[in-house]
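First the structure, in the form of structure tokens, and then the observations on it.
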Amino acid sequence: MSLTPSRGCLLDLPWEDILVPHILCHLPLQQLLGLQRVSKAFQALVQLYLANMRCFDSSQIGSAVPRAAFLNLLKDNKVLQQLVLQNCSDWLTDGELLPVIMQNHHLHHIQLKGCAQLSCHALMVISLNCPHLRRLSLAHCEWVDSLSLRSLADHCKALEAVDLTACRQLKDEAICYLVQKCSRLKSLSLAVNANVGDVAVEETAKCCPELEHLDLTGCLRVKNDSISYPGPSLVPSLPGLQYRPGTSPAAAPLHPSSHRLPSWSKRQRSDFAEQKYHCKVGKFNLLLSEDSLSL
């Protein structure tokens, strides 16, 4: 009988109990895809990992994810919780996205920034199949309309963060419906939308007591009164707005008893034309551009 210890192999370890949850999960996705080329056994192991993957971030693969690779990676996965597809924006359509959404009902974070080839039907399917959704980015998705947003508000009431930057079809009425239904919102971006005005901002302040961040950059119809709106659920007593435009000392804070924005000379307006302003009402943070303020 030989006393020489036998040499074990990585693949001898339990796949589902050890390799998948404790080892493969720490490897970058791009390296895992390369590992498939080692042998058929490693290919089967990686496929098992992909079927049980909780988070898919397309940026881990590269600057542009091929359509065929995307379809192969997620074809067997039914347990996804996070789906980040910004790097698929060049080709992603409803045909590729909807099968993934319809077989993953535990998603709580979806990022579709810049996916311009999708349609409003995609948002409908998301709202009907992802009841636990908490974070959703639809930035620069101009296909988002009021009807699909209402469906989202009706079925995903646990939403905490929504990015609607440059969703230019949306008007005050749609935003009001969203914040009335999703009162747990902590972060909301309405930036780069000239259709958003005072009504939406004031309704957001009233309906979302936990809101911490509101991006109004480029919302040209939003005026002073709504920005400093002292809603009853926002703060019990409004201390005033404070501006922090970068490192410039020219922007002085408001007087505590005032709810009006400071006056600016033409020279000051020119100096800060490209700046973004961070404003705070109690714990309520606003992000605005100079163009979105009525100075």
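Given the conditions (1) in the same structural domain as SER137 (by the TED database); (2) open to solvent by less than 70 Å² (accessible area, probe 1.4 Å); (3) free of Cβ contacts under 8 Å to residues at least 24 places away in the same chain; (4) in a helix (DSSP H, G or I), report the number of the one that LEU32 does not fulfil.
Among (1) in the same structural domain as SER137 (by the TED database); (2) open to solvent by less than 70 Å² (accessible area, probe 1.4 Å); (3) free of Cβ contacts under 8 Å to residues at least 24 places away in the same chain; (4) in a helix (DSSP H, G or I), the lone unmet condition for LEU32 is (1).
Determine whether HIS105 is modelled with pLDDT of 95 or more, closer than 16 Å to VAL162 by Cβ and not polar (S, T, N, Q).
It is false that HIS105 is modelled with pLDDT of 95 or more, closer than 16 Å to VAL162 by Cβ and not polar (S, T, N, Q).
Among the residues of region 107-140, which ones are touching a strand residue (DSSP E or B) at 6+ places or on another chain (Cβ under 8 Å), closer than 14 Å to CYS182 by Cβ and open to solvent by 40 Å² or more (accessible area, probe 1.4 Å)?
Matches in region 107-140: ARG134, ARG135.
Where residues in region 114-146 are of a type in the set (D, E, K, R) and under 20 Å from ASN195 (Cα atoms), which of them is nearest to the chain's Cα centre (by Cα)?
Looking at the filtered set, the residue picked out is GLU142.
Counting only residues that are in a loop (DSSP other than H, G, I, E, B) and hydrophobic (A, V, I, L, M, F, W, C), how many does region 65-76 have?
1
Do the conditions hold for ALA200, that is, is it in contact with a Cys (Cβ under 9 Å, 6 or more places away or on another chain), in a loop (DSSP other than H, G, I, E, B) and not hydroxyl-bearing (Ser, Thr, Tyr)?
So ALA200 does not fit the description; no.
Using the structure shown, decide if GLY62 is part of a loop (DSSP other than H, G, I, E, B) and either closer than 19 Å to PRO28 by Cα or free of Cβ contacts under 8 Å to residues at least 40 places away in the same chain (or both).
yes
Can you pull out every residue in region 40-59 that is open to solvent by less than 40 Å² (accessible area, probe 1.4 Å) and in a loop (DSSP other than H, G, I, E, B)?
MET53
The values are calculated or read from the model by the stated rules, or taken from the named source; none is laboratory data. Everything numeric here is computed off the predicted structure, so don't read it as measured data. All Cβ positions, glycine included, derive from the backbone under ideal geometry; neighbour counts span all protein chains shown. Areas reflect the complete protein model, heavy atoms only, side chains present, ligands, DNA and RNA absent. Shrake-Rupley method; radii C 1.70, N 1.55, O 1.52, S 1.80 Å.
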